[in-house]
Amino acid sequence: MLEVAISELLDQRSKSWKDALSERAGRMRSSAIREMLKVTMQPDFIALAGGLPAPELFPIQEFKDACEHVLEHNGSTALQYGPTGGYPPLRELLATSMQKHGVAATPDNILITSGSQQALDLIGRLFIDPGDEILTDAPTYVGAIQAWQVYGPQFVTVPLDDDGMDPDRVEEALQNHRIKFMYVLPNFQNPAGTTIPYGRRQRLIELAGEYGALIVEDDPYGQLRFRGEDIPSLISMDGGNVIYLSTFSKILSPGIRLGWIVAPEEMIAHLVTAKQGADLHTNAFVQCVVREIVERGFIERHVPRLCAAYKERCDAMLAAAAEHFPPGVTWTHPQGGLFLWAQMPERIDVEDLLAAAIEEKVAFVPGTAFYPDGEGGRHSLRLNFSNARPEMIREGMQRLGQAMSRALE
Ligand SMILES: Cc1ncc(COP(=O)(O)O)c(C=O)c1O
C-alpha cells in the first residue's frame, strides 16, 4: 500500500517537471548512434557503427608533453577564463593553415568551438526560425539533423548520388523553396563516404550566389584522404557565402572537443554572441595544448599515419564486402574519411537486418538515422572502418554477410 502511494507521488512529481518542458524539448531527438554505442560496448561485439577514430593512434605522449609544457610556461593563461572567440595564438595558426589551402582568412574570421557539433548548434541559433527552409542531402549527418531540429526548420532534401550533392537537384529545390542555407559535406560524406567533384562544387557556389542562399560547408574529414587528389574547398572558391566548419576530432582526438568555424568577420561577431550564452568559451587549457601540438608540426607528421591506417581498414572492408555480401547488395568506394554506405535489395528492411546482425554480434547504423524525415534509408546502412583493426573488420563483415543472407532468405 505504502509502495503504491510512493510510486503515485513520484509519478505526480515527474509529471510536474514533464509539464514544464519547453516546446523545443519536444523537438529533441536522441541519436540512434549514441544509443547504439551502449549495445556495442558488450564484449565480443564488433562495432562497425559509431564514427570513432582508431584509439591505438591517439597521440598520448604528444598530449602529455604538450600539457607539461603549457602548465610550465603558460599555466596562468591556460587555467584562466579566455576570450569567447578562442585563444588568439590558436586562431592565428588556424588562419595561417586555412590560407595555405587557398582561403583568405585572418584570425578575425575564425571562431574556436567545442567541436564542430557546437558550431552546428550555433549556426542553428543564429539562422533558423521555426518554419525556415534549409537544404540538406539525404542521407546526411545525423548530428546536424539533431542540432537543427530543435529550432523547428523544414528540411528540404536532395538525394545523394555517387558524387554527393547533385547541383541540378539543388537548383530545383532552390527554385521551389526559400532556402536559407544549404548544408554541404564535400569530402567523404558522413554517412555515405562520397566526395563532391570540383565542377559540382563550382556549380553549388554559383547557385548559392544566384539564389541568395548561404552554404554551410562541414569538413571534418578533408585531411583524411587516402586515395585520389585533394579538391579545393567551397570556401576557397567564395568566402562571402560560405560558413566553413572543421575539427581536431578526427586528426587528433574527439575527446578534447575542439573545432573551428571560418566565416565573414561580422558573422563571427554574431556567432561569438551566440556562443557566450552557451559556454562563455571553449576549454582554454585544451586550446593552449593543441596550439602547442600544432606549432610543433605534429599534425603534418600524424595525418599520413592516420591515412595509411584508414586506407588499410577501408580496403579490408571493401574486400570483405565483395567476399561476404550476398548478390544485390551495393556499396560506395570512399576516397577517405571513416565510412561507407551499403544499399540492400528493397525487400530487406534495415531494422530486421540490425536485429539479425546484433544476434551475430556485429553492429552498423541503420540508414533511417540519416534522413531528416526518419523515413528514407530503410534499405541502407552505414559502416565504419576506422575503429576496428583489419582482422576485426574482416570478421565483422563475415558476420554481417551471414546476417544479410539470413534476412534475404
Ligand atoms: C559531418 C560531421 N560534422 C560534425 C561532426 C562533429 O564533430 P566534432 O567531434 O568536432 O563535434 C561530425 C562527427 O562525426 C561529423 O561527422
* Structure fact -> Extend 7 Å from the Cα of Glu351 along its Cα-to-C-beta direction; within region 375-399, residues with backbone N under 18 Å of that point are 375-382
* To do: Could you check how many percent of all C-alpha pairs in the chain are farther apart than 39 Å?
  => 21
* To do: For a footprinting-style exposure proxy, rank Ser30, Ser246 by other Cβ within 10 Å, fewest first.
  => Ser30, Ser246
* **Percentage relative contact order, region 65-191, counting C-alpha pairs under 8 Å, at least six apart** => 21
* For the chain, built as a Gaussian network whose Cα springs stay under 10 Å, the top-fluctuating residue of Gly199, Gly26, Gly396 -> Gly26
* Calculate how large, on average over all directions, the projected area of the Cα convex hull of region 261-409 is; give the answer in nm² to one decimal. => 12.5
* Asked: In whole angstrom, how far apart do the alpha carbon centroids of region 243-264 and region 285-358 sit?
  -> 19
* Structure fact -> From fewest to most C-beta neighbours within 10 Å, the residues Glu395, Glu295 line up as Glu295, Glu395
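Can you give the charge dipole size of the chain about its Cα centre, rounded to the nearest 20 debye, using +1 on the beta carbon of Lys and Arg and -1 on the beta carbon of Asp and Glu?
On the way: 37 positive and 54 negative charges, 131 e Å.
Dipole about the Cα centre, nearest 20: 640 debye.
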* To do: Pull up all non-local amide H partners of Ala105: gap of 5 or more, or a different chain, and H-to-H distance under 5 Å with H placed in the peptide plane.
  => Gln99
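Set the Förster radius R0 to 22 Å, insert the Cβ-Cβ distance between Glu266 and Gln80 as r into 1/(1 + (r/R0)^6), and round the FRET efficiency to 0.05. Write out the running numbers ahead of the final one.
Working: r = 28 Å, r/R0 = 1.27.
For Glu266 and Gln80, the calculated efficiency is 0.20.
For every helix of n ≥ 4 consecutive DSSP H residues, a contribution of -39,500 (n - 2.57) applies; sum these over the chain, divide by its total residues, and give [θ] at 222 nm rounded to the nearest 500 deg cm²/dmol. Walk me through the numbers on the way to the answer.
Details: 15 runs with 195 residues, N = 409.
Calculated mean residue ellipticity at 222 nm is -15000 deg cm²/dmol.
So in region 163-286, what percent of DSSP beta bridges are antiparallel if you round to the nearest 5? Intermediate values should be presented prior to the final figure.
On the way: 4 of 12 bridges.
Rounded to the nearest five, the antiparallel share is 35 percent.
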* Give the long-range amide H neighbours of Val158: residues separated by 5 or more places, or on another chain, with amide H under 5 Å away, using H modelled in the peptide plane at 1.01 Å from N. => Thr136, Asp137, Ala138
* To do: For region 247-352, state which trypsin sites (Lys or Arg not before Pro) are in a DSSP loop and have at most 14 other beta carbons lying within 10 Å of their beta carbon.
  => Arg296, Arg347
* Structure fact -> The Cα extents of region 297-367 along the principal axes, largest first and rounded to whole Å, are 50, 21, 18
* Leading residue at positive end of dipole, region 95-196 (Cβ point charges), from Thr113, Ile123, Gly102 -> Thr113
* Top mean-square fluctuation among Thr282, Thr332, Thr157, Gaussian network model of the chain, C-alpha springs under 10 Å? -> Thr332
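Relative contact order, percent, of the chain when contacts are C-alpha pairs under 8 Å separated by at least 6 residues?
Values: 746 pairs, mean separation 94.0, N = 409.
This gives 23 percent for the chain.
What pairs in Lys64/Lys250; Lys38/Lys64; Lys100/Lys275 have C-alpha atoms more than 22 Å from each other? If you can, show how the numbers build up before the last one.
Working: Lys64/Lys250 19 Å; Lys38/Lys64 29 Å; Lys100/Lys275 27 Å.
Check vs 22 Å cut-off fails for Lys38/Lys64; Lys100/Lys275.
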* Along the charge dipole of region 61-190, which of Gln154, Gly164, Phe63 sits closest to the positive end, that is, farthest toward it, with unit charges on the beta carbon of Lys, Arg, Asp and Glu (+1, +1, -1, -1)? -> Phe63
* Amide proton proximity set for Trp331, modelled H, under 5 Å, gap of 5+ -> Gln343
* Burial ordering of Phe181, Phe188, Phe127, fewest other beta-carbon atoms within 10 Å first -> Phe127, Phe181, Phe188
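None of the figures in this text is laboratory data; all of them are computed from the coordinates on show. The shown structure was predicted, so the numbers you read here are calculated from the model rather than taken from an experiment. With ideal geometry, Cβ positions are generated from the backbone for all residues, glycine too; neighbour counts draw on all protein chains shown.
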